[in-house]
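What follows is a set of notes on a single structure, which appears directly below.
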Amino acid sequence: MAQNSKPTCLIEIHEKHRAKLTSFFGYTLPLWYTSIKEEHHAVRHNAGIFDISHMGLFQVSGEDAFPFLENMSCNKLTKVAKGYFVYTMILNREGGIRDDIMIGPMGDDYLVIVNASNAAKIDAWFQENKPSSVHITSHNDTHGLMAIQGPKAATILSQVLQKDLASMKPFMLKKRTYQDQSIWLARTGYTGEDGFEIMAPHALAPQIFTAITDMGATPCGLGARDSLRIEAGLPLYGQELSETLSPRVTRYASWVIKLDHSFIGKTAVETDEDIMTTVGIQMEGKSIPRTGYPIVEGGHITSGTLSPSLNTPIGMAIVPKTHATPGTTLHVIPQHRRKAIAASLFRPPGHYRK
C-alpha cells in the first residue's frame, strides 16, 4: 500500500472487519471484506454498504453559482431547483469528457460530487473558469460518504434514520438529521440496485455505518462495486470515459447532452462524427474480456469481469455503431492469443437478472 495513502473516517471499522485494504487514488479503502462474490450477491439480494469517501465533495456557492455550473455541464440543471441530483459531464474545449459528475441542491448552494481520480483536476478547472463571485469549498476533510445499495436498502435505512424513505424519489437529495446532526441523503448509487448515498460529518459517519450493518447490511469493498457496476452497464472514468472520448460515445448520449444551452465544449460536441458507441457484451466460453483487448469488427474492450450473477464473463466495449445492434456477434482478441473469441452483444442494464 502506498505510504501517502490517506485513511477515510471509516478506517477503524474496516480494520475491525479485517478488510483487505488497498490504496485507491490516494485513499486507503477496502478491496473486500469476505469475498467479492459474497458481497456482490449481498447487494443483489439484500443490502450492502460501501465506503465511498474517496469521491470529491465540493460545495459551490455565490450569486452566479448556478449559471457557472450550467456552463460547466453538458446536461441542463433544471431539476436541481426541484430538489434532485443531475448526472452530467464536464467537457474540455475539444468536447472530451473531463469527468462525469453529480450536481444537486445544498440549501442555497450546490453539492458537486466528482470522481476521486479527477478531484484535483476538476477543482483546478472550476477555479480557472469561475467568476470571482463563485466560491468552491471542499468537504473531504470534514465529511465522509457512504452508499447503501440493494433491494432492502430503503427498509434498513428507514429504520436507522427512523424515517420512512419509501416516498423519496430516485436522484432526490434531502437534508436529514441523525443524532441531532445534519446529513445529506440522496437516492442514488452505482450498482444497478435501489439505494442511497449518505454524506455525514467524519465523527458521525462511523456510527451510521455501524447502525446500518447492525440492521443486516453487508460491508462491501471496491471489488464488488466494480463487478456490480459492470453488470449494470455503468461507466467508470478512465475505462468508458476519458478526455479523448465525446459524451456521444456513451450510452447516455441521448439525454446527457442538451444543446439548448451554452456550455464548454458545445461546439466540438455539435460537430462530432458520432460513429462509435458503448455496448455490453457476454463472452462465449470462460475467457474474461480485459481492458484494451481489440475487437475484430472495430473498437476495444473497456471493462470486463466474471459476472457473479450470471457466472459467465461479461464486459463493456466501445464499437462502431454499425455493430451495436442487440444480438450482434463480435469477436474479441485476447492478449497472447491468435484466435478471436465470439461475444454476443446486449444493452445493459438488467441483463444480469435471470
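Just so you know, all these numbers are worked out from the coordinates, no wet-lab data involved. Keep in mind that this is a model prediction, so the values were computed, not measured. Virtual Cβ from ideal backbone geometry, glycine too; neighbours counted across all protein chains shown.
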FRET efficiency for SER167 and ARG337, using Cβ-Cβ distance with R0 set to 45 Å, rounded to 0.05: 0.30
How do the peptides 165-174, 126-135, 110-119 rank, highest first, by the average count of neighbouring beta carbon atoms within 10 Å per residue? 110-119, 165-174, 126-135
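With viscosity set to 1.306 mPa s and temperature to 10 °C, compute the Stokes-Einstein D of segment 124-216, Rh being the Kirkwood radius across alpha carbon pairs; µm²/s, no decimals.
On the way: Rh = 14.4 Å.
Rounded, D is 110 µm²/s.
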Rounded to the nearest 500, what is the 222 nm mean residue ellipticity of the chain from helices alone, with -39500 (n - 2.57) per DSSP H run of 4+ residues and division by all residues? -5500 deg cm²/dmol
Apply the membrane-span-like helix rule to the chain: whole DSSP H runs, Cα extent along the own long axis of at least 18 Å, mean Kyte-Doolittle hydropathy at least 1.6. List the helices found. none
Counting Lys +1, Arg +1, Asp -1, Glu -1, what net charge surrounds SER61 among other residues with beta carbon under 14 Å of its beta carbon? -3
Cα Rg, Dmax, segment 1-60, angstrom units: 12.8, 39
Would you mind checking LYS16/LYS152; LYS6/LYS79; LYS175/LYS258; LYS20/LYS82; LYS16/LYS82 for any pair whose Cα atoms are more than 30 angstrom apart? LYS6/LYS79; LYS20/LYS82; LYS16/LYS82
As an exercise, use a Förster radius of 45 Å and the Cβ-Cβ distance of GLN179 and ALA268 to find the FRET efficiency, rounded to the nearest 0.05. 0.40
Footprinting exposure proxy for CYS220, CYS74, CYS9 (fewest neighbouring C-beta atoms within 10 Å first): CYS9, CYS74, CYS220
SER133 versus TYR87, label points 7 Å from Cα toward the beta carbon: distance in nm? 3.2
Descending Cα extents along the principal axes, the chain, whole Å: 61, 47, 44
Please report, in Å, the Rg and the Dmax of segment 1-111, where both are computed over Cα atoms only. 17.9, 48
Counting only Cα, what are the radius of gyration and maximum Cα-Cα distance Dmax of segment 285-327, in Å? 10.9, 30
Average projected area [Cα convex hull, segment 202-268], square nanometres: 7.7
Between segment 112-178 and segment 247-308, how many Å separate their Cα centres? 26
Please list, or write none, the aspartates and glutamates whose alpha carbon is within less than 16 Å of the alpha carbon of LYS321, excluding same-chain residues fewer than 8 places away. GLU240, ASP272, GLU273, ASP274, GLU297
Once you compute Rg and the Kirkwood Rh from C-alpha atoms, what is the Rg to Rh ratio for segment 128-285? 1.03
Equivalent ellipsoid semi-axes, segment 218-354, via Cα gyration tensor eigenvalues times 5, rooted, Å: 26, 19, 13
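First measure r as the distance between the Cβ atoms of THR329 and GLU243, then evaluate 1/(1 + (r/R0)^6) with R0 = 35 Å and state the FRET efficiency to the nearest 0.05. Intermediate results must be reported in sequence, preceding the final value.
Working: r = 32 Å, r/R0 = 0.90.
That pair, THR329 with GLU243, gives E of 0.65.
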Quick check: pseudo-label points 7 Å beyond the Cα along Cα→Cβ at PHE25 and ASN46, how many nm apart are they? 2.9
Square roots of five times the C-alpha gyration tensor eigenvalues of segment 275-354, ordered largest first and given in whole Å, equal 17, 16, 10
What is the pair-distance distribution P(r) of segment 56-138, computed from all Cα-Cα distances in 5 Å bins starting at 0, with each bin given as a whole percent? 3, 16, 30, 30, 17, 4, 0
